[in-house]
Structure formats: C-alpha cells, structure tokens
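Structure below; questions to follow.
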Amino acid sequence: MNTVDVKLPTDAVKDLLLKQHIKFIESYNSETNHYEYTMTEYLRISGIYWCVTAMDLMDSIDKLDREAIVGFVLDCQMECGAFRPCPGHDPHIICTLSAVQILITFDALNKMNIDACINYIISLQCKDGSFTGDSVNGEIDTRFTFCAVATLSLLNRLNDTINVDSAVEFIHLSSNFDGGFGVRPGSESHSGQVYCALGTLALLGRLSEIDADQLGWWLCERQLPSGGLNGRPQKLPDVCYSWWVLASLAIINRLHWISKNKLVEYILACQDMETGGFSDRPGDWPDPFHTLFGLAGLSLLGYNDGRSLAKVNPVYCMKESRLEDSGISIPTNYYS
Amino acid sequence: MHGRVKVRSTAEQEEARKKERGKKLLTYKGAMSRVQSKRDDGQFDEEALEITAKLLVRNPDIATLWNYRKEILQFMRENKEDGDLVCSREKSLTETCIKENPKSYCAWNHRQWIMEWLGDRADWSEELGLCNRFLDLDERNFHCWDYRRFVVSRGGATPREELEFTTAKIENNISNYSSWHYRSKLLPLIHPNESMEVKALVQAGGGETLQPDRETVQPERDTVQPERETVQPNRETEQPDRETEQPDRGTVQSNRESMQPDSETMHSDMETVQSDWEIKHLNKATTRPNWETISGELDLVRNAYYTDPNDQSVWFYHRWLLGPLSFLSNRPSLRSVCARRGHHIAASLSAPIGPESITLTLDESLAPGAWRSLDVSSDKLSSVWFQDFPDNYSDDVEVNIRVSIDSNESPIETKSISIAAGNLSEVFWRSPEEDFDASNDVVERTANLLEEELEHLKELGEMEPDNKWILLTIVYVMRAIDPVKYIKDIEDRLLKLTEVDNLRVNYYRDMQSKYLIENQLMQCGRQTESGGDQSYRTDCSLSGLGLTRLYHCQYFLPVTHLDVSWNNLSNLNGVSMLFHLERLNADDNCLVEIGDIRGLKELRFLSLQHNQLDYSEQLEPLKGLQLKECLLSGNGAATI
C-alpha cells in the first residue's frame, strides 16, 4: 500500500514571499475576490480574523483599516451577547471567538458588551460539560468547548463562570484509543479536535491528565515523506495541519518530534508565486485561511530564527506580544 | 477552500467563468435577500422553504438557512402540518446536500435534528442504509460515522452487528482507520472488562449504563437565554447484557418552542452519585475489553498486519490492544517523602494530583501551611508538592510526619516518617520496582501472549527489516516483557528506527532516554544506602547515556547530587522539581536554555560547561539561586 501523499514540485518556492502575502491579504476584499467574498459571508468574521492575524504576524497590521474592521465586528454582536459572522446571519460561538480575537488585536475590547458575551457562553454549557455552538441547534463539538474556554480566557473570566471540571471531563470522554480526540465521545481522532482539546486543557491547567508521549507519537506520525502534515492517518497533507498538529505538539512540548526542516520546505512550497498567499498543497488556489496557518506554522518553527515573522502563541493563534500587551496570562511553560 | 487545483485557463475560459460567476452571484444575493426579509417579517411558509432549499443545495454550509428552516418547521408543526410529509422533504433535502458536500456539519446535524423529531416514527434501518452508501463513497467520512453512531444509539443496529460491519469493512478496504477506531469503542461495550474493580465502581454509581448523566439543564441564571432542556433517548436496550451504545447528544430545544412531543423521555436533574475520582477510574477501566476478547482480537490484527505490514492503522490499534504496558503506575501514589528541619517537607507522586488531595499531619495535627508546587507547567496538578517546615520545632525533639493522598476526604494512601531527636532530616522512598510487582496482574496474564506476539513480530521483521511499524512494535513488546533483558535489542532497534524513519529521529531518541531512565530507576531499588531500611539514592549518575530528555524526575526527589553530564540535553526541564538538589553537573550537553530552576533553593554547586549558552538572556534563571560555585566555561556567555 502506497502512502497517501503529494510530491513537491522540483521548482517549488524556497523562500518566504512576505511582500506578496501582505499584498494578497491587503487586497482580499469584496472587489478583487468578489465571488469568494460573497459566497463565504457565512464565515466572514472568521475570515477577517484570519486576515488580521496573518497581517499581525507579518507586522503589517497598519495596512488594514482598523476603524472599518472594528466597526464591522461590533455591529456583529447580537443582543444575546454572541457574535454573528456578518449581517443577516445567526450568531455562533466560533464567530464569537473570532470577534474577541480581532478586538484584542486592535485593542478595542472595551467597546464590546463583555458581560452579555460571557452570559451567552455560560448558557451554552451542558450538564455533561460539553458546549453547544449556539442556542438553537443541539450540535455538540469539542471545537465549541475550545471556543468557549478560549474566549472566556481572553476576556479574563475563566474563574467564576463555566463549570471547569465538567468541561475537562467531557474532553476526556472524547478521547480515543490512540490518545487523540474527536468531535464528541465516540468520534475518530482528528488533529483539529486534538488542538482544541489540548488548547482547552492548557487554558484550564489540566494538561498533565493526558499521556503526552502517546499523543505526541500519534501527532508526529502526521508528518509524511513530503514533509507536510496530515490531519489523521492515511490522508493527504494540508498546510492548515502545520498549524493544528504543530501547535498541539508545541503545547505538549514535543515540537522536535517532527522534522522542522522538511515541514518548512513543504509550507514554503504551498505559496502562490503569482498572487501571494498559501494554499492547502502546492498548486492549489490560495486563500486567507491557509495563509494564516502557513505563516503561523513557520512562526512556530522559528523560521529564519524568528526574524521574518512575529512570534505566535500556540494556544490562541495570535501574535504573542499582542497578548502580553493586553495583559492576558499566557499559559507558558507548557507541559514539560 | 480545500483541494481546489489551480488550473491554467485561457482568456476566453476566464471570461466565461467570470460571466458564470456573475450570474451565480446575482442569484445568490437575490435569494439571500429575499430569505432575510421574509425571516425579518416572521414569515414561515412554503416559499421560504423553497428558497432556502434552493440555496442550501448549492451552499449546504450556510447554517443560518438551516436555522430558519427549523423555525419554519416548528411553526408548521404547531399549525398541525403533516409531520411525515415535512420530514420526508427534509430527509430528501439533507441527502441532496450531503451529496453536494459530504462533510457539511450543518447538513448532517439537520438530519439528526429531524430524526430526533421523528423519534419512534423514524426509520432507522433506512438511516443505516444511508450511512452504508456514504461510507461506500468515503470510508473515512467521520460525519457519516458519527451519524451512524447516533442511528445505532436509537436502535438502528446492535453493537454486535456493528462489530460485524467493521470486520467486513476491514477485510475489504485499504483505508481502515475509522473502522478500527469504531471497534475500539464497540469491543468494551460488548465484552466489558469485568474485573472486580470495575464491578465495584459500577455498583457504587448505581448505574445501569456506564456513562454519567449527560443532560442539559441550565440552573437558574440571570441570562437572556431561556432554560433549555435536552431530551435524552431511552438508553436501555432490550439486550440482557449491557450493550448500551453511548447515546449521542439529544437536541437542545428552547423551552418555549419545544419540538418534542410529550412522549419523549425527560430526565430529571439528578446529581451524579459517583465522585470525580471514581468516574475517572470508571471511564478509564471501561474503555478496555476483557482479556479473552483481547486475545481473540489479536488474531484478527495479526491477519491484518501479515496481509499488509504497511497499513499503519492496524499498528495503532495493535498498540492499544496490547494495553498500557508500562510498569510505572499512572495512578498517583506516593513515591517519596522528604523532610528537613528548618527547611521543608516535600512529597513526590507517580502521577500529578491537586493540592487538595494531599494532606500533611505533624505530630497528629494538621500542618498549618499550604502545599506549593515547583512543576514547571502552569498546571494545577503536580507530581511534587512541598511546604515550609514549621518554625516551632526544636532540633532535639522527635517529630512525626504523615502524608496521605485523599479522595473525597478519605485517605487512600498514607506514609509516616519520623525525624528522630537530634537528626536533621528523614526520607521515605518507594522503589518503582514495587509498582512493577503490584501492577503485574496485567503482565502475568499477558506474559505468554506477549512472548508469542514477539515471535510473530520477529518473524515478520525478518521479511520486512526496514518496516518501522514492526521495529517500533517489537520495542514496545520487549519493554513490556523484560526491559532489562532486552536492553540491547531495544537500543539496536531504536537506532535502526532513526535511520529508516528519519523524520521522527527525535521521538526515537526521547523514547530511548525514557527507557534508559526507567531501567535506572528499576536498578535504583536494588542498591542500599546507609540510613536504615529505606533504600534510596542521594547520589545519582545519569552521565553519558545519550539522554535527550529527562523523564520521571519526580522519582529522583531525594537526590542531592545529580550528574547528567555528557548527554544530549538541550534543556533541563524536569530538574526544577528536584527540590533537594545541592550539586548539579550538566557539563557537555547541548543546553540552549536552563529552564525555570529558581525553586532549587538548596543548590550550591552548578556546572554547565561546554554547552550552547551563548547569550546572557539564557543565564537569567541563575539569578534567583544561592550558588557557591557555578562553572560556565565552554559557553559563549561565559565571558559575560
């Protein structure tokens, strides 16, 4: 059986095309990308978070229209406290996290209704510790646990709000034979969910409850011969996993269990020389989502000794200095 | 956003594409605008269903449209519309959408929502058929597998039938991970681990099912949200043996718009009977099948790995099947208690616990102070806790010290030591070897099985000498059988692994370090120091072992002299909890950072020669220490 993988092209990009990426994000708006922009309005606010954070990691946030973006985000907060992705769409916990991340980046947190937001998040927690994504569907997902906990942590209100013990228990119920975590109890392990679970445990100070060696092994086995990382066994590599997997490894202090050089090679090969931006794998269309995670991955890997990109925080996926400036306690010294 | 290949197109093709997109955009915008204004007007009618359906078939991920549909359906229900017709339309729509995007969270969720609405009127075998079809298209579609588990929880199939299903899938397919994963959930359900411990825990919980109550009831809060109730499915099946599948989440409804007819079961807000500790153990214990099943399953696994030794999914599964074979306990138990007059009382454990679970008593009264932790991570749990030694004890009086680990306020393990009059310190240290003996209920039963497995693996390994899965599994099995006997074989294979699987070289090196330290710990207990019947080491050498990582540091708490020189350490993580350390030699490593060692208050001699500490920032951690001597030559920062 052959390994499912890609082959890096011989003329793959070998340097970081920083200027092109700045241009790519800058011009990613309703004019140049009218079609994608409109068709993805149901996740607009998360798209903004990807763009804003990518620019921040490239130390180019001044190129964005702060007023317009903050205005848009604030307009997305609903009476219930949660944020919607854009006008005309319903609020959701994922959008809420993105909103708070954007506001912190632009130092405009005080402009939102923090209490209403906190109350909304509290109301989403179920008795078994899990979280729904909104108040109308019953959908439960460990992603929503992470969104809830991360948002509360960024708002500095983890201590007196949700039931932490049951939230952690639910995470453990979602763990599997391979040490990984799935969408909900019974679900197959998936790197995105692993990231959400580890991020949650890190923020709640409960990382020591997992077997880091076992999970670390499953995570480092995501690396394929091409150097790229996949999301679960026997799947193709994707640049966004150079975030989910990498951040997970960083959180449990086992980043060195993959080959950094080979991964850097893969990520760089995912750049689009014509337009800038990163795509999921070499030769595909680039987009802001993969651009953020490509850059974040390179930052975590210490690309160019940290001289090209700002340092990213592996739990929040935000510029670390931005968090420090905002007085947010970063769970440093992750699991040793 | 994923998997969209950038294909070169001519100017003509570009033009055509632009035109088509322009049209799509107009249609989309028009429809969305119409939908939004109808919704704002509170219109819940056929037209709304039509427009949203048209949009969703092209864009199944627009959650808001599904939400609107739910509102419309609820409205129609209240107005006595034909529920079955409505539902069949939703089923048809969701199926079309799932075909369009098999990975659409909202589409699958909506279908589940509809099924829950139908309740007893749902055709679960039809749903199972849907799952079969979609799994034929993509055996790794986890949305479909999760939906399938939901269907099974409603009686769509029994766990045994599901087990057969996975067997068939594994025999026919290459990409099997999802099936093996499902088996790992089904086996413990069908053949639960009936050990005494598990039985006792289940009885204590008074449970017919093995899961804690999973209910969504929000207590009274001053929030904007109305109280929401989850409707739990009836979780008891007809089968005599307890084959209850884990129920998937019920739908959450707002109180004022209850979708569910009154025939559904509603659970009352009961407190869970079990303690947190018991639940933890229960969950861990019940995630493994019984022993006979494991042996039987190994046959299936062997067939699989003989058929295709490169199929990684079977190797992950195999690892789980063999079980946690480390001899070191992962349940918190006391490893050592160290007390020094005028300084501290410290306790180390095999696994981290919180400070509320450990109690210190001095001469029969509770110690006044609070436990502090030196664990580098910001965790609330730690494997090493310490307190300051209280002031009011004079040196010429004996003091009795008792440390106990508690759960729910009752002690589950206690150790007492006494510092005799005129003595300065006392240490209790339990050798890890004792753990090894105690945990060997497991290993005893598996001894033959493991030996047999090792033979199979070695045989296969000869045919496939570069297969990393076989090499790694042999290492794992050898460690379980006899880590000391196989020490050289393991080392050789780990070295081979760094060659054939170079991407993960650092993983193999860290594992080698772990095994070396574990072997050292096993041998520690076999040497006696002067100082009574306790055997512990104050002097410990881990020099020249090629260590890349320091594992199990909490086991070295009583050590005062530690030598980790001539290794490959890039940091001193773990050393921070070696509270008693007076002398540390870390020469000739590749240290690029020292780490947080400011808690090593007893440290007087530190040698860090010949490392890579080239910048003054890297020496920051030395500032808090009270060192008498610090050797730094052979570093870039030595001149600073």
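The values are calculated or read from the model by the stated rules, or taken from the named source; none is laboratory data. Keep in mind the model is a prediction, meaning the values are calculated, not measured. Glycine also receives a Cβ, built like all others from the backbone with ideal geometry; neighbour counts cover every protein chain displayed. Accessible surface is based on the protein model in full, side chains and every heavy atom, while ligands, DNA and RNA are left aside. Shrake-Rupley method; radii C 1.70, N 1.55, O 1.52, S 1.80 Å.
In segment B:554-592, which residues are open to solvent by 10 Å² or more (accessible area, probe 1.4 Å), in a loop (DSSP other than H, G, I, E, B) and in contact (Cβ under 8 Å) with a residue 60 or more places away in the chain?
B:ASN573, B:PHE579
Which count do you get for residues in segment A:171-210 that are more than 10 Å from every other protein chain (Cβ to nearest Cβ) and within 18 Å of B:LYS380 (Cα to Cα)?
Going residue by residue through segment A:171-210, those that are more than 10 Å from every other protein chain (Cβ to nearest Cβ) are A:171, A:174, A:181, A:191-192, A:194-200, A:210.
Next, from what is left, pick out any that are within 18 Å of B:LYS380 (Cα to Cα): A:171, A:197-200, A:210.
So the answer is 6.
Right, another one. Among the numbered conditions (1) in contact with a strand residue (DSSP E or B) (Cβ under 7 Å, 6 or more places away or on another chain); (2) crowded, with 24+ Cβ neighbours inside 10 Å; (3) within 14 Å of chain B (Cβ to nearest Cβ), tell me where A:TYR120 comes up short.
In the conditions (1) in contact with a strand residue (DSSP E or B) (Cβ under 7 Å, 6 or more places away or on another chain); (2) crowded, with 24+ Cβ neighbours inside 10 Å; (3) within 14 Å of chain B (Cβ to nearest Cβ), A:TYR120 misses (1) alone.
Determine, yes or no, whether B:GLU100 is in contact with a Pro (Cβ under 6 Å, 6 or more places away or on another chain) and surrounded by fewer than 21 Cβ atoms within 10 Å (Cβ to Cβ).
Values: in contact with a Pro (Cβ under 6 Å, 6 or more places away or on another chain): yes; surrounded by fewer than 21 Cβ atoms within 10 Å (Cβ to Cβ): yes.
Criteria met by B:GLU100.
Follow-up. How many residues are assigned to a loop (DSSP other than H, G, I, E, B), modelled with pLDDT of 85 or more and closer than 30 Å to A:SER189 by Cα if we restrict to segment B:320-366?
So the count comes out to 1.
Would you check which residues across segment A:78-97 are out of contact with any Pro (no Cβ under 8 Å at 6 or more places or on another chain) and either among the hydroxyl-bearing types (Ser, Thr, Tyr) or open to solvent by 10 Å² or more (accessible area, probe 1.4 Å) (or both) and list them? Walk me through how you get there before you give the answer.
Of segment A:78-97, the ones out of contact with any Pro (no Cβ under 8 Å at 6 or more places or on another chain) are A:79, A:81, A:85-91, A:93-94, A:96-97.
Listed by number, the residues that qualify are A:GLU79, A:PRO87, A:GLY88, A:ASP90, A:PRO91, A:ILE94, A:THR96, A:LEU97.
Could you figure out which of (1) closer than 25 Å to B:LEU118 by Cβ; (2) within 9 Å of chain A (Cβ to nearest Cβ); (3) touching an Asp or Glu at 6+ places or on another chain (Cβ under 9 Å) isn't true of B:GLN74?
All conditions pass for B:GLN74, except number (2).
Something else about it: What's the number of the condition B:GLU50 fails, among (1) modelled with pLDDT of 95 or more; (2) within 12 Å of chain A (Cβ to nearest Cβ); (3) exposed (fewer than 14 other Cβ atoms within 10 Å of the Cβ)?
(2)
For residues in segment A:136-170 being without any contact (Cβ under 8 Å) to a residue 40 or more places away in the chain and assigned to a helix (DSSP H, G or I), which is farthest from the other protein chains (Cβ to nearest Cβ)?
Filtering segment A:136-170 for residues that are without any contact (Cβ under 8 Å) to a residue 40 or more places away in the chain and assigned to a helix (DSSP H, G or I), the one farthest from the other protein chains (Cβ to nearest Cβ) comes out as A:LEU152.
Working carefully through the options A:GLY186, A:GLY205, A:GLY227, A:GLY231, find the one that is in contact with a helix residue (DSSP H, G or I) (Cβ under 7 Å, 6 or more places away or on another chain), within 18 Å of A:ILE252 (Cα to Cα) and of a type outside the set (A, V, I, L, M, F, W, C). It would help to see each step written out before you state the result.
Details: A:GLY186 fails: within 18 Å of A:ILE252 (Cα to Cα); A:GLY205 fails: in contact with a helix residue (DSSP H, G or I) (Cβ under 7 Å, 6 or more places away or on another chain); A:GLY227 fails: within 18 Å of A:ILE252 (Cα to Cα).
Within the list A:GLY186, A:GLY205, A:GLY227, A:GLY231, the selection yields A:GLY231.
Here's another thing I want to ask about it. Within segment A:230-248, is there a residue that is under 18 Å from B:THR287 (Cβ atoms) and open to solvent by less than 10 Å² (accessible area, probe 1.4 Å)? Before you say what the answer is, go through the steps one by one.
If we filter segment A:230-248 for residues that are under 18 Å from B:THR287 (Cβ atoms), which is where we start, we get none.
No, segment A:230-248 contains no residue that is under 18 Å from B:THR287 (Cβ atoms) and open to solvent by less than 10 Å² (accessible area, probe 1.4 Å).
Still on this model: Identify the residue in segment B:119-153 that is among the basic types (Lys, Arg) and within 14 Å of another protein chain (Cβ to nearest Cβ) and, among all such residues, is surrounded by the fewest Cβ atoms within 10 Å (Cβ to Cβ).
So the first thing to find is which residues in segment B:119-153 are among the basic types (Lys, Arg), and the list is B:121, B:133, B:140, B:148-149.
The next check asks that each one be within 14 Å of another protein chain (Cβ to nearest Cβ); those that pass are B:140, B:148-149.
Values: B:ARG140: 18, B:ARG148: 24, B:ARG149: 23.
The extreme case among them is B:ARG140.
Kindly provide the set of residues from segment A:1-54 that are under 30 Å from B:ASN172 (Cβ atoms) and of a type in the set (Lys, Arg), ordered by number. Break it down into steps so the answer makes sense when it comes.
Within segment A:1-54, the first condition is being under 30 Å from B:ASN172 (Cβ atoms), and the residues that meet it are A:1-7.
If the condition is that a residue be under 30 Å from B:ASN172 (Cβ atoms) and of a type in the set (Lys, Arg), then A:LYS7 is the only one that fits.
Inspect segment A:40-61 for any residue being under 21 Å from A:LEU300 (Cβ atoms), surrounded by fewer than 21 Cβ atoms within 10 Å (Cβ to Cβ) and either hydrophobic (A, V, I, L, M, F, W, C) or at pLDDT below 95 (or both) and give the result as yes or no.
Checked against the condition, which is being under 21 Å from A:LEU300 (Cβ atoms), surrounded by fewer than 21 Cβ atoms within 10 Å (Cβ to Cβ) and either hydrophobic (A, V, I, L, M, F, W, C) or at pLDDT below 95 (or both), segment A:40-61 yields at least one hit.
Continuing with the same structure: Report whether or not A:LEU154 is over 27 Å from B:SER179 (Cβ atoms), under 16 Å from the mean Cα position of the chain (by Cα) and buried (at least 21 other Cβ atoms within 10 Å of the Cβ). Lay out the reasoning, then the answer.
Numbers: over 27 Å from B:SER179 (Cβ atoms): yes; under 16 Å from the mean Cα position of the chain (by Cα): yes; buried (at least 21 other Cβ atoms within 10 Å of the Cβ): yes.
Yes; evaluated as a whole, the condition is true for this residue.
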